[in-house]
Every structure is written in structure tokens, then in C-alpha cells.
Amino acid sequence: MTQTVKYLKDYTAPTHLVPKTDLLFEIEDTHTYVTATLHIEPQTSTQGGLKLHGDAELISLAINGEKQPENAYELDTANETLIIKNAPNIPFILTIETRVEPSKNKSFNGLYESGGNLYTQCEPEGFRKITFHPDRPDVMGEFTTEIRANADKFPILLSNGNKIRSGSLNDGRHFAVWHDPHVKPTYLFALVAGDLALTSDFFITQSGRRVEIEFYTRAEDTPQVPFAIEALKNSMKWDETRFGLEYDLDIYMVVAVGDFNMGAMENKGLNIFNTKYVLADSRTATDADFEGVEAVIAHEYFHNWTGNRVTCRDWFQLSLKEGLTVFRDQEFSGDRASRAVRRIENVKLLRTHQFAEDASPMAHPVRPASYVEMNNFYTMTVYEKGAEVVRMYHTFLGEEGFQKGMKLYFERHDGQAVTCDDFRAAMADANGFDFEQFALWYSQAGTPTLRVSGSLKDGKYILNVKQSLPDTPDMPSSAKQPMMMPLSIAFFDEKGAKIAFRQPENDETRQETVLTLNQAEQSFEFLIENANAVTPSLLRGFSAPVHLEFDYTNEQLALLLAHDDDEFARWEAGQTLFRRAIAENETALQNGNNPPEHTLLIHALRNILNDNEMDAAFKAMLLQVPAEAELWGERDNINPVLVAMAREALLDEIAHALHGELLANALNAREAENADKRGKEIEIYEYNPQDAGLRALQYACFPLIHRFDEVATIEQVFEHYDEMARKNMTHEWGVLSSINSNPSAKRDELLARFAAKFDDQALVMDKYFSLIACSRRADTLAQVQAALNHPRFALTNPNKVRALIGTFARNVPHFHAADGSGYAFVAEHIKKIDEFNPQVAAGLARAFNLLKRIEPQRQALMRAELDAIAALPNLSKDVREIVEKILA
Ligand code: ZN
């Protein structure tokens with residue numbers, strides 16, 4: 001495969017449009033024959049000919065019914081292109097026959113087989129694995145799809161839109177014809193054929209139309225479908241009430257499949273989902289899983305407007321649909337329950353993974369300027385930072401202004417393929433707001449840092465803010481411009497009360513405000529009466545995706561942690577205290593000293609634990625110590641194992657100093673959770689946000705409690721395991737997680753029992769494999785290696801690979817083992833998996849992102865593995881792009 005770089009600056013409009021595409025799929029035993037009839041409309045002079053993309057076996061090609069000889073076109077299999085040199089320059093019909101072999105396709109892109117059924121995945125460039133087509137998102141058209149197959153093997157035949165005809169054929173075969181009245185790009189095409197069970201429901205839209213809801217799964221999985229259907233109905237309702245957006249077809253189908261590269265896919269009218277985001281019941285799914293199902297169902301549904309009705313002009317604009325749709329699913333989840341906790345979870349995800357990406361060789365802007373393999377750009381930056389960018393419009397404009405912008409966006413662009421600039425223009429024009437400078441968020445990579453200082457003098461508080469951007473592989477810091485962003489602030493006095501203030505330019509007295517940053521350095525003045533000590537609360541609600549530096553004293557942080565009324569800022573004060581404590585531990589360990597005590601932090605945590613009024617879910621968040629990946633920040637010469645040890649030392653300190661308080665909280669939360677269930681004939685522990693919060697608190701406390709006395713703990717847990725496991729999966733998982741690093745053989749016995757019990761539940765077996773892989777026990781690599789041979793493990797299944805190998809690659813002490821065994825293990829599997837699934841292999845390769853910032857010995861070990869991968873002659877362009885960027 002040749003390594004060609006595609007650039008945003010090279011974009012040119014399509015030379016030919018395809019307003020209609022008719023597809024015929026003849027599904028045979030081993031092969032599927034595809035006949036594509038494309039209605040081609042030349043746009044400009046046909047000098048360069050018509051260029052199609054295709055990576056399928058070409059059988060024949062005809063123009064206006066006339067079969068073309070081979071010398072009428074140039075087929076370039078290395079570049080997956082087909083050029084018809086002398087194509088007519090008036091509208092014509094192009095008929096292309098191809099042959100594909102779905103059961104041999106383990107890339108899970110294009111048409112593939114899983115469990116005897118056929119599925120498609122076309123975003124971003126999978127359609128070309130099925131037939132030849134311009135296959136670019138700005139070429140949109142109406143699709144009609146006929147599917148023919150054996151009626152016994154493939155009773156269900158689905159595609160986008162409405163079923164307009166069906167019936168039987170000779171030889172036990174049958175057919176169905178689907179028509180999608182909405183124009184769409186090829187990446188939203190979908191087909192499913194197989195033996196699947198239907199669970200149906202319906203939804204009445206705000207205008208009174210009835211929409212059929214159809215979920216297709218394996219027959220044995222139907223009891224696990226109802227939660228996802230409820231989530232869909234909630235999403236449909238929410239999009240009507242909050243965004244005024246109604247569904248536009250008479251049927252909405254969701255198909256669940258166990259072999260899937262990502263979470264889910266928003267194909268028009270026919271979403272295809274990873275089973276992980278559809279199937280959930282309390283026996284097999286944790287509270288976090290239920291929340292994941294609800295969020296992903298919502299995300300794909302919301303794409304119907306933000307992605308499908310208005311789509312992307314080119315793949316550089318991916319965040320146009322993904323950033324906006326993540327913002328919408330985040331808002332949906334926040335409106336459903338626990339807004340503050342959801343917000344903190346989102347920030348934590350962003351800071352752990354997106355900040356790391358932005359500080360790595362893979363750093364790229366929200367709108368990348370170039371790519372080799374588009375599949376590598378479904379990133380935390382495009383999705384999560386993209387959502388923060390959308391959130392900033394919302395913060396500047398407020399809900400009403402933002403909705404005005406959305407309305408104008410749809411008025412202007414419904415049915416079109418557009419750019420991030422078009423979205424920005426709609427937000428600006430609908431509100432008369434200047435978002436010119438805001439465009440930099442789409443072109444400048446790297447996480448900005450805000451250095452803030454403050455001083456109080458004569459009743460005036462001066463806040464000075466300097467912003468800077470780091471170097472990234474695409475652009476030096478010196479070439480970057482100051483960005484426009486909202487900085488939400490308030491002030492607290494020494495007792496923790498909010499202070500009223502006035503800004504000189506306006507008369508109003510306020511308790512909080514949102515400043516607009518737009519220069520490299522700015523000062524803001526606040527008139528504050530009767531205050532002698534002021535603690536600013538900055539970046540409230542995480543108003544911009546930045547690093548913030550302010551020289552707080554530990555006492556000021558403790559004050560904010562105790563009193564700030566913005567939950568994010570409050571949580572953040574605690575996180576800063578944790579980070580400082582871990583940094584102190586690291587220094588001590590490095591110098592061969594014992595880690596110091598952190599009395600102020602322990603005192604602050606004790607107060608939190610003793611606060612019986614606090615929301616349980618929020619309390620659980622406050623107790624979470626930052627993950628290692630969050631601690632690396634932009635440092636160099638990292639020793640990951642030392643960072644992990646420093647973090648462990650803090651966890652030990654908390655466990656010992658607060659054992660009584662932690663135990664009391666865990667038991668109180670358990671009691672509160674049990675209270676309304678006792679005495680009922682069957683004690684049912686279902687998912688609901690309140691109980692989920694109480695369980696989150698229990699399992700924030702128990703792993704700490706279990707550190708206190710590992711030997712006594714395992715005996716006790718061993719005895720109570722069945723009782724907890726009977727309640728639901730959150731408890732079962734919580735118990736297993738909390739003893740998963742225990743060295744006792746009883747831990748292995750519990751895990752073995754868990755695996756035996758759920759042998760027939762693929763999604764629970766994923767949990768089993770991830771427990772094996774995230775344990776901090778000394779024998780983890782050996783156990784992971786043994787698990788590769790477990791009958792339920794399969795290297796071809798992406799969920800299994802992520803559960804075992806992906807989890808291992810995030811297990812800091814083991815992946816970064818000083819002897820290089822962790823690197824070698826992951827590298828070996830990247831090579832193996834790349835032979836059939838480059839997308840999943842490239843995902844694993846990102847584990848080596850830290851290369852340049854790691855200490856020299858480990859760096860050399862990592863580099864040796866990466867060099868060996870890069871030397872492979874048949875490496876996919878997916879893995880090559882990642883590995884070469886890391887090595888560059
Ligand atoms: Zn999406």
C-alpha cells in the first residue's frame with residue numbers, strides 16, 4: 001500500500017455527481033455479487049476523466065448499457081482507484097459488477113460476515129470495498145437497494161430507508177427492495193442480511209407521526225434489548241424538546257453485532273451497533289455500561305440531524321458532525337441525571353486521553369490539515385475536544401443564542417455537505433456575534449495553557465491572564481496565534497463565602513462572570529469591597545479545554561474544595577491537591593526517602609467523608625485520585641513506574657488515615673441502597689441514577705478499605721462474593737475489581753468462577769479478560785498470555801482484543817515493565833492483528849505514544865519494538881502512519 005498524504009488545502013469540488021445509486025446484492029454461499037448502477041452527472045469538463053474508488057474484485061463495467069473493454073479504463077489496485085478516461089460529458093449510466101467474499105473479511109470494513117450473518121461498515125471509506133464509486137461525502141444521492149439471498153439462512157434483509165417490495169424467488173431464495181428517500185453520501189449506506197430476532201416498539205413524534213422502532217439481535221439476546229429501546233425513545237423525545245428536531249422516516253432500525261471496530265454507526269435509518277452499546281440487563285451490565293448504552297444510542301440518533309441531514313464536505317471536517325453530536329449526547333446525559341457528575345466525567349476523559357494525544361506526536365487540530373489513513377482520525381481530539389469547542393459557542397451565546405445558531409445552520413444547510421466554517425458562520429450570523437478569531441480552535445493543535453495571577457489592592461482585584469500554546473509536530477508555538485475563549489470566574493472570601501464584585505466598565509454587581517480571552521496577555525479589574533483575602537475560582541465548569549496554572553496555596557485549594565459552589569471547580573481543587581501530593585511522593589521516592597504525609601489533604605478528605613448531605617455520586621468523584629496518564633502532563637523523562645508508585649503511596653496513605661471514615665461511608669451507602677429493597681419478595685437491584693450513585697460511592701471506598709489489610713480482606717470478600725454477585729453486575733464487578741490485585745490464590749478462584757458462570761455471555765467475558773489485564777499482580781503478563789488461549793478469546797474479535805491487550809497496554813507498571821516484556825507483548829500483537837484488521841492494530845499502536853517523553857532506557861526498548869514494526873514490508877498504512885509519526 002502506497003503512503004499518500006491527503007491535504008485539506010488540496011480540496012477540490014467533485015467533477016461528477018451521483019444523484020442516484022441503485023444496488024443489487026446477490027448473496028451466494030461464499031461470495032456476494034454486487035451490481036451498482038450509478039447515475040452520473042458530469043460537473044465540469046471531463047478532461048481528467050471520471051475517478052472512482054474501489055477495492056473490490058471488478059467483474060465488468062458498462063456505460064449506458066454498453067460493456068467497456070479493459071482498455072477503456074485504468075484500474076490501479078495499489079491505490080484503489082479506477083479512472084474512466086473518456087467518460088461521456090453528459091449524464092450517463094455506469095453499471096459496475098463486483099464480487100466480494102464477506103467471510104474472508106476480518107477488517108470489519110465494507111461487507112463482512114459475523115456469526116453467519118452479513119453486515120456493512122462504510123464510514124469513512126468502506127463503501128469502496130463493496131463497489132466502485134467516487135465514495136466521498138460531498139457526493140450525495142438517493143439509494144435503492146435490492147438484496148437477494150437464501151430465505152432460510154438470511155430471513156432478514158435490511159437496508160436504509162423504507163422497504164418498498166419483497167417476495168420469494170426460485171431455489172429457496174427471496175428478495176427485499178429498500179428505498180431511502182433522503183440523499184446521503186456512501187458512508188451512510190448500510191446492509192444487513194441474516195437470521196436475527198426482532199424486538200419492536202414505536203414512537204409518536206411531536207407532530208403526531210408514528211415511527212416504528214425495530215431492534216435486531218441474536219435470538220438469545222432479546223431479553224437484554226428493552227433498556228436500549230427506552231434510551232432511544234428518550235433520545236427522540238429530548239431532541240424534539242431541546243433542539244426542536246423530529247425524526248424523518250417511518251422506521252428506525254438498530255442492529256447489534258459482536259464483531260465491530262468501534263462503538264456504533266449512524267447509517268441512515270439503519271444504525272449498526274457494537275453489542276456492547278445495545279445489550280444490557282442488570283445481571284450482565286454495570287451502571288457504567290447502562291450509561292454507556294444510553295449515551296451511544298443517543299449519539300447515533302442525534303447524528304440523524306447533525307451528520308446525516310447535514311453532513312461533512314470532506315473528512316477533514318469530521319468534527320463538524322462528531323464534535324457537535326458528542327456535545328449533544330453530553331447535554332442529553334446531563335439533562336437525564338447528575339449534570340455535574342456527568343460534566344466531571346467528560347472533563348476527566350478529555351484530560352486523561354485527549355490532553356495526552358495533544359501532547360504526543362499524534363497531535364492534530366480539531367480539523368486536521370492532513371492524513372494518510374482517515375480511520376486514524378476518529379480521535380479524542382476530533383470527538384472530545386471538538387465537543388468542547390461546540391460547548392464554547394454555547395457558553396458565549398447561552399442556550400437561546402446557541403439554538404438560534406442551530407436553527408440557521410439547518411435553514412441554510414439541510415441536505416448539504418458543509419464545513420466547520422459554515423457551522424461557525426451560522427452561529428455568528430444568527431447572533432451578530434464575531435467568531436472570526438474563534439476559527440483558530442479548528443487549526444491550532446496542542447492544549448493551551450493559561451497562566452493566571454491575581455492581586456488585591458485597595459479594594460481592587462487585578463487578574464492577569466497569559467495564554468500560550470505548545471509546539472506540535474505540525475506547527476511551532478511561535479507560529480500560533482492567541483485564541484478566543486470563555487473564562488468563567490468567581491471569588492471566595494476566607495470563610496468560603498462568594499464575594500460580590502463589580503467590573504469598572506459596568507455598574508452591575510455580580511457574583512460570577514464569564515471573561516472573554518482573546519489576547520496573549522490580558523488584565524481584568526474587579527472592584528471588591530470589604531474583602532481582605534480573595535481566592536479566585538477559575539475556569540468554572542471547565543469553560544475552555546486548557547491547562548490552568550494559578551499559584552494557589554494548599555490552604556486556598558482546601559477552601560475551594562470545601563466551599564466552591566461550582567462542582568467542577570470544587571472537584572478540580574481536590575484534583576490539584578492530589579497531583580501535588582503525588583508529585584511530592586515521586587520526589588521522595590526518587591531520593592530514596594519515604595513518601596511524606598499530607599495532613600491538609602487528609603483533613604480535607606475527612607471533612608468530605610463526614611459530610612452526610614453530599615450527593616453520593618459527587619462524593620465518589622471527589623475521592624478519585626487522578627490516573628497516571630493524567631499526571632504525565634507535558635513532562636519529559638518520565639519514569640511511568642515511579643509515577644505509578646507515587647500514586648499508590650498516596651492511595652495507601654488515604655486508606656490508612658481514613659479507614660474508619662471510608663468504611664462508614666461504604667456501609668451507609670450500602671444501607672441506603674438496600675433500604676427500599678428489603679422486605680420485598682425479590683430484591684431487585686436495577687439501574688437508576690440514585691442507586692448508581694450509592695454504588696459508585698461504595699466502590700470508591702472499598703478498594704481503599706481493602707488496602708488496609710489485604711489478607712483479612714480476601715477471606716471476607718470470598719465469603720460474601722455470591723451474595724453480592726446475586727444483586728447485580730455492578731456489585732459483582734465492584735467486588736472483583738476491589739480485590740483484583742490481591743496476591744492470594746482466592747482471587748484467581750473468584751475470577752475463574754466468574755468466567756465459568758458467564759461463559760456464554762460474550763460481553764461479560766470481555767470484563768473477565770479486562771480484569772486479568774488490569775491487575776497489578778506480579779504475574780499479570782503470564783495470566784494475559786494464558787488468557788490468549790482461553791476458548792472464549794479470539795484475536796479476530798475487536799472487543800476481545802481491546803479487553804485483554806488494550807487494557808494491558810494501559811496497565812502502567814506492566815506495559816512499562818523495565819525489562820521491556822510489556823512492550824514486546826503488545827508489539828507482537830500489533831503485528832499479528834495488522835494482517836487482518838489494520839484499524840484495530842493501529843488503535844493498539846497508540847500505546848507507544850509516550851516514546852519521546854519517557855526515560856532513556858525504556859525509550860530504547862520501545863523504539864526497538866517500533867523499528868521492528870516499521871520494517872515490516874506489508875504493514876498497513878494505518879499502523880505505518882501511527883508508528884512513523886511516533887518515531888519521527
Ligand atoms: Zn459520532
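Numerical summary
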read-out	value
Dimensionless Rg ratio for the range 241-286, taking C-alpha atoms and the 2.2 N^0.38 Å reference	1.41
Sites ALA479 and ASP152 - FRET efficiency at Förster radius 51 Å, r taken between beta-carbons, to 0.05	0.20
Cα-Cα over 30 Å, subset of LYS129/LYS184; LYS184/LYS407; LYS407/LYS466; LYS276/LYS385; LYS6/LYS233; LYS6/LYS832	LYS407/LYS466; LYS6/LYS233
Cβ-placed point charges (K, R +1; D, E -1), dipole of the range 541-679 about Cα centre in debye, nearest 20	400
Point-to-point label distance, GLU411-GLU723, nm (Cα→Cβ direction, 7 Å offset)	6.4
Rounded to the nearest 20 debye, dipole of the chain from Cβ charges on Lys, Arg, Asp, Glu	720
Rounded if a/c under 1.5, otherwise prolate or oblate - the range 1-113, Cα gyration tensor axes	oblate
Residue-span extension gain [THR553 to ALA745] - 0.36 nm each, minus C-alpha spacing	64.5 nm
C-alpha center-to-center spacing [the range 852-870, the range 11-86] in angstrom	44
Packing-based exposure ordering (other Cβ within 10 Å, fewest first) of VAL641, VAL18	VAL641, VAL18
Extension reserve of the GLN519-GLU240 stretch, reckoned as 0.36 nm per residue once the Cα distance is removed	96.5 nm
Folded to 0 to 90 degrees: helix 226-243 orientation relative to the chain principal axis, Cα	80
0 to 90° range, to nearest 10: angle between helix 599-609 axis and the chain longest Cα axis	70
Whether the range 408-485 is rounded, prolate or oblate, judged on the alpha carbon gyration tensor where a/c under 1.5 counts as rounded	oblate
Crossing angle, helix 567-590 versus the chain [Cα axis fit, 0-90 degrees, rounded to tens]	80
Cα-projected label distance for THR205 with LEU75, points at 7 Å along beta-carbon direction, nm	4.3
Semi-axis lengths, Å, the range 546-693, gyration tensor of Cα atoms, sqrt of 5 times eigenvalues	32, 18, 15
Spacing of the two label points (7 Å from each Cα toward its C-beta) at ASP29 and ALA588, in nm	7.1
Extension gain, GLN785 back to LEU527 (0.36 nm per residue minus Cα-Cα distance, nm)	86.5 nm
Phi-based couplings in Hz for the range 36-44 (Karplus 6.51, -1.76, 1.60; Gly and Pro marked x)	10, 10, 9, 8, 9, 10, x, 9, 10
Computed log₁₀ I(q)/I(0) - Debye formula, equal Cα scatterers, no solvent, the range 111-209, q 0.23 Å⁻¹	-1.24
Cα gyration tensor shape for the range 339-401, rounded if a/c is under 1.5, else prolate or oblate	oblate
Given charges at Cβ of Lys, Arg, Asp, Glu: the chain dipole, positive-most of SER468, LEU196, ASN79	ASN79
Two-site FRET efficiency, ASP615 against GLU835, from Cβ-Cβ distance with R₀ of 30 Å, rounded to 0.05	0.05
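Here, each number is a calculation from the coordinates, and none is a lab measurement. Remember, predicted model here, so these are calculated numbers, not experimental data. Neighbour counts run over all protein chains shown; Cβ positions are idealised from the backbone, glycine included.
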